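Asker: What follows is a single structure, and I will ask about it in a moment.
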Amino acid sequence: MRNLIFCLLALIVLPAYMSGQVIKGKVVDNKGIGIPGAFVVATISKTTSDTDLDGNFSITAKEGEVLKISMVGFDAVSIKATGQEMTILLKESKDTDLKEVVVIGYGTRKKSDNTGAIAQLSTTDITKTKVLNATQAIQGKAAGVQVIGTDVPGSSPSLIIRGIGTFGADRTPLYVVDGIPTKNISNINSNDIASFDVLKDASSLAIYGNQAANGVVIITTKKGKGDKATTEYDGFYGIRTPLRKVKMASANQFANYTNTAEQNSRFADNQAYNTNWFDEITSLGTYSSNNLSLSGAADKINYLFSMNYYDEKGVLDGLDFSRFTFRNNNDYKISDKFKVTQNISVSFSKSTPKPLSAFTNAYKQSPLVPVQYENGRWGAPIVGDDGQAGTTGAVFNNVGNPVAQLNYFTEEQKSLLLQGSLAAEYKIFKQLKATSRVGIEYNNWKKFSYTPNRELWLAADPTRDITKYSALEPINELVTARSDYFNWNFDNFLTFNQKFAEKHDLEVTVGMTAQETGSREELEVQGRNVPENSNYWSLNLSTSLANNVVTNHFRGNSKSLIGYFGRFQYSYLEKYLLTGTLRRDGSSQFGADYKWGNFPSFGLGWVASKEDFLKESTTINFLKVRGGWGRLGNQNVPINQQTFSSGAGLGYELGGTLYTGTSIGTFIDPSLGWEITEETSAGFDFKAFNSQLSGSFDWYNKTTTNVILSVTPPITVGTGATPAHAGEITNKGFEIALRWDNVVNDNFKYWLGGNYSNNKNEVSNIYNPLAIKQQGGSIDNGQYTKQLEVGQPIGSFYLWEVAGKDVNGNFTYYDKEGGITATPTELDRKFFGSSLPTYYYGINLGVEFHKFDFSVDGYGVGGNKVYNGKKAQRFGGENIEASVATDFWTSSNTNSPNPAPFNAVPLASTYYLESGAFFRINNITLGYTLPKFSNTINGIRVYASAINPFISQKFTGYSPELNNDGNPLGTQGIELNAYPTLSSFIIGANVKF
């Protein structure tokens, strides 16, 4: 009986034993420190596992089965599984870069074999700072990449790679998301990004031809992995407040300043109201994000599903934004030779915009004015005979009530953005692979805005009676608008890779691409006198005698691009590197003789650490010198549009009769084509001291020709200004990046890194004598502040220079000869720097101790100027800053930096120009990973972050980081109608199942 029981037990246990058992072990480095994230695979059972934070793993496999263990930066090993707990040593690769790859155009390349300048950021770099847009998160983390941020909910920052090389053309880089070219990544959930590769030099950019002049960012999203489904949740909640406020004059200070300016006693000393308008239009901002993903892999498929909901309540009252994104990425392994990859992303966003001019109005409006009077009517700038602000008297400024402005501004926008790609990859034979990929992008946008005209009329004057409102004027207006577009691209290319005689490594890529940017249609319709109840805001319910009016209808032409490209990459003995690229592009935007262009490039590299004199070095672990040249294009330029004007005023008289005529508004330049950029660059990458110190250095010289400017044809042509090739812009600079990593022991490691970028931007030539003086930088008082000039950077401030003050305390100015005058002319203006920084830098440090992790990121710029445009908003009776109200020129205070009080439009002068330099702590994060307490939950990390908690700046305004319209010759660098930089504090958690 006992033998029978043993036999039955054997029959039960033996199959289970034969099918595998749990093998446990630990993967360590040569110091005995556990290696987290190492990949373990059982070669027969096909099971996989990853090591935890301490290097431990467990895997179901047969005893005696070969386990393969691999990790980036280490040599892979194969070892037989044993029944006892194993300790497996991984040796660090001599050249750790050999195991790492960067994403390049239409392929990947080992870092050690790459000859171009590419900055790569990981998902950790991107998700550490909790912001909506991934571009904002990389600020200060990549040399040569300047990010000018903005905290307006739902907005996108400007990304500038190695300076701006154009005046009127598009300035944004090309983004390539899983093979889909796009100009906008505001729809991408940062948690979905696996890598963020920035192609910076022409050697690596030329593969994208006439789309690459502003740089290219290649974004690769995550894919499923592992042998089982993994669920991950990441969520946070935060509060947001303005990082810095400007203290404005109090009611009594305002009264004193204005009385002094007007040389009277119009305003009484003790006012009934003392309104802080900035506080009245702002409140505590909040934002949150909830991200859920499911991923995994099997023999024939890997998959990823993710969902994210982001919601933000802006600090400006009523300015809200929300976004929902869904992503599905799948890889299907049809056979050993054939693989299909499918990526799809859908984004829904909703926003309620508010006019940012409310910030300027809050700055300008007098504190004497209440938000509302006791009778409920909106406050207005009215002062009575008693010197007190009230409902009757004289109006003392033309500034509106900013709270009422926000209250009556009603607008809602909704947007749907769909991106998807489908790629097929077939191995024709071992060395040759064919790839075919199609991508689509569809956007649908719509909005409505409601304006209560009658209420606005009443709000402007508290003495007005609703019965006096003109019956001829609309009670309200409703505007609805929509637009949509559809873009597609189709890529086909072959990749040949072969290593010959263990010395020659050759990769050749050839292919073609076709793209179409579909026609964009915009339609806007306005109706009047709809029901005041928002549930019935519909144009078909309008009771106005006037019909609904189409106020805008635009349909742009579609644009097609076709390109043929080829690239070879050659390595000899893994020491000597050569890359060559040629792309030929044709664009439908240009005339028949100017459709096609060639964009060549080459790159050279020398891995000096492979040479005998460094091969055995214990100090220099890796050293590569590289350089290259290339030509790029920018096809997104202002295209000539033929315009016509007609009417009696343009007619002619014949036989005493006036006939209606038609005039051509602009002249078409048939030679208009893309702008051309040529760049020469050189640099080196290194690792030293057991690869603990790593870094790179780059130098570049980039020149853009064929820059398009507005020119005036000869008067005999009889037309207005038209775009034409007229100028040249150069960018020269260098970049340095360094990082120190040290693993002290199994429970403690730290890193310290930094980067510095220097760029000199200059308008080097304007060769068309008919080019118009390009002026910009409007400050909403009838004046401009910037001008384009040879020898100066783009966006240079062109101002009158303050020399001092006269005997009455009013400003005097230097004239063009160096003399002093109180009435300068236009010729007396001078250049005083640009809004573009000459250098920018970033620092980052981090520590991991036991289960705790701590990191700090900082960012700074210098060499740039910003203009305090809101401070220049003086027409009469506006408020002033407390620092001005308490320290202005008088006969007993002649050394004050501020002039005597005035109520007039000031000249655009250096008085309002300030340093734009700043250093800001971008992010401080403290996290803790809980000990594992459940077999179901693989890990829980809780964290708290402070975003923008501290800034050191010289600028006296709200924020020196002023993106505004993103145009250096526009309002970029001018604080006017600008959203303040925010400081955020968040708590969050990451849970893996």
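Asker: If we scan the range 423-437, do we find a residue that is part of a helix (DSSP H, G or I), surrounded by fewer than 19 Cβ atoms within 10 Å (Cβ to Cβ) and of a type outside the set (Asp, Glu)? Before the answer, list the steps.
Answerer: To start, the set of residues in the range 423-437 that are part of a helix (DSSP H, G or I) comprises none.
Scanning the range 423-437, I find no residue that is part of a helix (DSSP H, G or I), surrounded by fewer than 19 Cβ atoms within 10 Å (Cβ to Cβ) and of a type outside the set (Asp, Glu), so the answer is no.
Asker: Identify, please: which residue in the range 43-74 is at pLDDT below 85 and of a type in the set (A, V, I, L, M) and is, among those, nearest to Asp299 (Cα to Cα)?
Answerer: Ile44
Asker: In the range 308-342, which residue that is surrounded by fewer than 21 Cβ atoms within 10 Å (Cβ to Cβ), of a type in the set (S, T, N, Q) and in contact (Cβ under 8 Å) with a residue 12 or more places away in the chain is nearest to Asn133 (Cα to Cα)?
Answerer: Per the stated criteria, the residue is Ser322.
Asker: Follow-up question, since we're still on this one. Out of all the residues in the range 261-278, which are out of contact with any strand residue (DSSP E or B) (no Cβ under 8 Å at 6 or more places or on another chain) and either surrounded by 11 or more Cβ atoms within 10 Å (Cβ to Cβ) or of a type in the set (Gly, Ala, Ser) (or both)?
Answerer: So the first thing to find is which residues in the range 261-278 are out of contact with any strand residue (DSSP E or B) (no Cβ under 8 Å at 6 or more places or on another chain), and the list is 261-265, 268-270, 274-275.
Of everything in the range 261-278, those that are out of contact with any strand residue (DSSP E or B) (no Cβ under 8 Å at 6 or more places or on another chain) and either surrounded by 11 or more Cβ atoms within 10 Å (Cβ to Cβ) or of a type in the set (Gly, Ala, Ser) (or both) turn out to be Ala261, Glu262, Ser265, Ala268, Asp269, Asn274, Thr275.
Asker: For the list (1) assigned to a helix (DSSP H, G or I); (2) surrounded by fewer than 21 Cβ atoms within 10 Å (Cβ to Cβ); (3) in contact (Cβ under 8 Å) with a residue 60 or more places away in the chain, I need the number of the one condition that Thr124 fails.
Answerer: (3)
Asker: Looking only at the range 446-461, count how many residues are surrounded by fewer than 17 Cβ atoms within 10 Å (Cβ to Cβ) and either assigned to a strand (DSSP E or B) or touching a His at 6+ places or on another chain (Cβ under 6 Å) (or both).
Answerer: 1
Asker: Further question on the same structure: Quick one: how many residues across the range 952-965 are in a strand (DSSP E or B) and either surrounded by fewer than 21 Cβ atoms within 10 Å (Cβ to Cβ) or small (Gly, Ala, Ser) (or both)?
Answerer: First pass over the range 952-965, keeping only residues in a strand (DSSP E or B): 952-953.
Keeping just the survivors that are either surrounded by fewer than 21 Cβ atoms within 10 Å (Cβ to Cβ) or small (Gly, Ala, Ser) (or both) gives 952.
Within the range 952-965, residues that are in a strand (DSSP E or B) and either surrounded by fewer than 21 Cβ atoms within 10 Å (Cβ to Cβ) or small (Gly, Ala, Ser) (or both) number 1.
Asker: Can you pull out every residue in the range 43-58 that is on the phi < 0 side of the Ramachandran plot and within 43 Å of the chain's Cα centre (by Cα)? Working first, answer last.
Answerer: Initial filter on the range 43-58 (on the phi < 0 side of the Ramachandran plot): 43-45, 47-54, 56-58.
Of everything in the range 43-58, those that are on the phi < 0 side of the Ramachandran plot and within 43 Å of the chain's Cα centre (by Cα) turn out to be Thr47, Thr48, Ser49, Asp50, Thr51, Asp52, Leu53, Asp54, Asn56, Phe57, Ser58.
Asker: Next question, about the same structure. Hey, can you tell me all the residues within the range 908-942 that are buried (at least 19 other Cβ atoms within 10 Å of the Cβ) and part of a loop (DSSP other than H, G, I, E, B)?
Answerer: Selection gives Ala908, Gly916, Ala917.
Asker: Ok, one more. crowded, with 20+ Cβ neighbours inside 10 Å and either in contact with a His (Cβ under 7 Å, 6 or more places away or on another chain) or farther than 22 Å from Leu205 by Cβ (or both): which single residue out of Asp113, Asp151 fits that description?
Answerer: Working: Asp113 fails: either in contact with a His (Cβ under 7 Å, 6 or more places away or on another chain) or farther than 22 Å from Leu205 by Cβ (or both).
Of the residues listed, the single one that is crowded, with 20+ Cβ neighbours inside 10 Å and either in contact with a His (Cβ under 7 Å, 6 or more places away or on another chain) or farther than 22 Å from Leu205 by Cβ (or both) is Asp151.
Asker: Please work out which residue is surrounded by the most Cβ atoms within 10 Å (Cβ to Cβ), limiting yourself to the range 174-207 and to residues that are in a strand (DSSP E or B) and among the small types (Gly, Ala, Ser).
Answerer: Keep residues of the range 174-207 that are in a strand (DSSP E or B), which gives 174-177, 180-182, 193-199.
Now narrow it down to the ones that are among the small types (Gly, Ala, Ser): 194-195.
On the way: Ala194: 16, Ser195: 19.
Here the answer is Ser195.
Asker: Does the range 260-270 contain at least one residue that is β-branched (Val, Ile, Thr) and under 37 Å from the mean Cα position of the chain (by Cα)?
Answerer: Checked the range 260-270: no residue is β-branched (Val, Ile, Thr) and under 37 Å from the mean Cα position of the chain (by Cα).
Asker: When you scan the range 846-883, how many residues do you find that are surrounded by fewer than 20 Cβ atoms within 10 Å (Cβ to Cβ), aliphatic (A, V, I, L, M) and either in contact with an Asp or Glu (Cβ under 9 Å, 6 or more places away or on another chain) or not in a strand (DSSP E or B) (or both)?
Answerer: Adding up the residues that qualify gives 2.
Asker: Further, regarding this structure: So in the range 780-805, with the set limited to residues that are touching a Lys or Arg at 6+ places or on another chain (Cβ under 9 Å) and over 23 Å from Thr677 (Cβ atoms), which one is modelled with the lowest pLDDT?
Answerer: Asn781
Asker: Of Leu561, Leu539, Leu577, Leu545, which residue is without any contact (Cβ under 8 Å) to a residue 24 or more places away in the chain and not polar (S, T, N, Q)? I'd like the intermediate steps shown before the answer.
Answerer: Values: Leu561 fails: without any contact (Cβ under 8 Å) to a residue 24 or more places away in the chain; Leu539 fails: without any contact (Cβ under 8 Å) to a residue 24 or more places away in the chain; Leu577 fails: without any contact (Cβ under 8 Å) to a residue 24 or more places away in the chain.
Among Leu561, Leu539, Leu577, Leu545, only Leu545 is without any contact (Cβ under 8 Å) to a residue 24 or more places away in the chain and not polar (S, T, N, Q).
Asker: Can you tell me which residues in the range 805-826 are outside any loop (DSSP other than H, G, I, E, B), surrounded by 12 or more Cβ atoms within 10 Å (Cβ to Cβ) and without any contact (Cβ under 8 Å) to a residue 40 or more places away in the chain? Lay out the reasoning, then the answer.
Answerer: Kept after step one, since they are outside any loop (DSSP other than H, G, I, E, B), are these residues of the range 805-826: 805, 811-814, 820-821, 826.
This time we only want the ones that are surrounded by 12 or more Cβ atoms within 10 Å (Cβ to Cβ), so: 805, 811-814, 820-821.
Matches in the range 805-826: Thr812, Tyr814, Ile820, Thr821.
Asker: Right, next: Any idea which residue in the range 737-779 is nearest to Gly32 (Cα to Cα), counting only those that are polar (S, T, N, Q) and either modelled with pLDDT under 90 or not in a strand (DSSP E or B) (or both)?
Answerer: Going through the range 737-779, the residues polar (S, T, N, Q) turn out to be 742, 745, 747, 755, 757-759, 761, 764-765, 768, 774-775, 778.
Going one step further and asking which of them are either modelled with pLDDT under 90 or not in a strand (DSSP E or B) (or both), we end up with 745, 747, 768, 774, 778.
On the way: Asn745: 8, Asn747: 12, Asn768: 69, Gln774: 65, Ser778: 64 Å.
Filtering first and then ranking leaves Asn745.
Asker: Now for a different question. I'd like to know if the range 244-260 contains one or more residues that are assigned to a strand (DSSP E or B), of a type in the set (A, V, I, L, M), out of contact with any helix residue (DSSP H, G or I) (no Cβ under 9 Å at 6 or more places or on another chain) and surrounded by 15 or more Cβ atoms within 10 Å (Cβ to Cβ). Step through it out loud before you land on a result.
Answerer: Kept after step one, since they are assigned to a strand (DSSP E or B), are these residues of the range 244-260: 248.
Next, only the ones that are of a type in the set (A, V, I, L, M) stay: 248.
With the extra rule that they be out of contact with any helix residue (DSSP H, G or I) (no Cβ under 9 Å at 6 or more places or on another chain), the set shrinks to none.
For the range 244-260, residues assigned to a strand (DSSP E or B), of a type in the set (A, V, I, L, M), out of contact with any helix residue (DSSP H, G or I) (no Cβ under 9 Å at 6 or more places or on another chain) and surrounded by 15 or more Cβ atoms within 10 Å (Cβ to Cβ): absent.
Asker: Can you name the residue in the range 127-145 that is outside any loop (DSSP other than H, G, I, E, B) and surrounded by fewer than 24 Cβ atoms within 10 Å (Cβ to Cβ) and is also modelled with the lowest pLDDT among such residues?
Answerer: Applying the first criterion (outside any loop (DSSP other than H, G, I, E, B)) to the range 127-145 yields 127, 134-137, 145.
Going one step further and asking which of them are surrounded by fewer than 24 Cβ atoms within 10 Å (Cβ to Cβ), we end up with 127, 136.
Numbers: Thr127: 87, Gln136: 90.
The residue in question is Thr127.
Asker: Part of a loop (DSSP other than H, G, I, E, B) and more than 30 Å from Arg584 (Cα to Cα): does that describe Arg464?
Answerer: Considered against the rule, which asks whether it is part of a loop (DSSP other than H, G, I, E, B) and more than 30 Å from Arg584 (Cα to Cα), Arg464 comes out as yes.
Asker: Please find, among Ile475, Ile466, the residue that is in contact (Cβ under 8 Å) with a residue 40 or more places away in the chain and over 33 Å from the mean Cα position of the chain (by Cα).
Answerer: On the way: Ile466 fails: in contact (Cβ under 8 Å) with a residue 40 or more places away in the chain.
Result: Ile475 is the single residue among Ile475, Ile466 that is in contact (Cβ under 8 Å) with a residue 40 or more places away in the chain and over 33 Å from the mean Cα position of the chain (by Cα).
Asker: Hey, another quick one. Mind checking which pairs have a first residue in the range 519-534 that is in contact (Cβ under 8 Å) with a residue 40 or more places away in the chain and polar (S, T, N, Q) and a second that is assigned to a strand (DSSP E or B) and buried (at least 16 other Cβ atoms within 10 Å of the Cβ), Cβ under 7 Å, 6 or more apart or different chains?
Answerer: So the pair list comes out as Gln526/Glu477; Gln526/Val479.
Asker: Going through Thr87, Thr82 one at a time, which residue ends up being assigned to a strand (DSSP E or B) and touching a residue at least 12 places away in the same chain (Cβ under 8 Å)?
Answerer: On the way: Thr82 fails: assigned to a strand (DSSP E or B).
Among Thr87, Thr82, only Thr87 is assigned to a strand (DSSP E or B) and touching a residue at least 12 places away in the same chain (Cβ under 8 Å).
Asker: All but one of (1) under 27 Å from Phe324 (Cβ atoms); (2) modelled with pLDDT under 95; (3) among the small types (Gly, Ala, Ser); (4) surrounded by fewer than 17 Cβ atoms within 10 Å (Cβ to Cβ) hold for Gly296, so report the exception by its number.
Answerer: It fails just one condition, (4).
The values are calculated or read from the model by the stated rules, or taken from the named source; none is laboratory data. For clarity, every value in this text was computed on a predicted model and none was experimentally measured. FYI the Cβ positions are ideal-geometry reconstructions off the backbone, even for glycines, and counts take in every protein chain you see.
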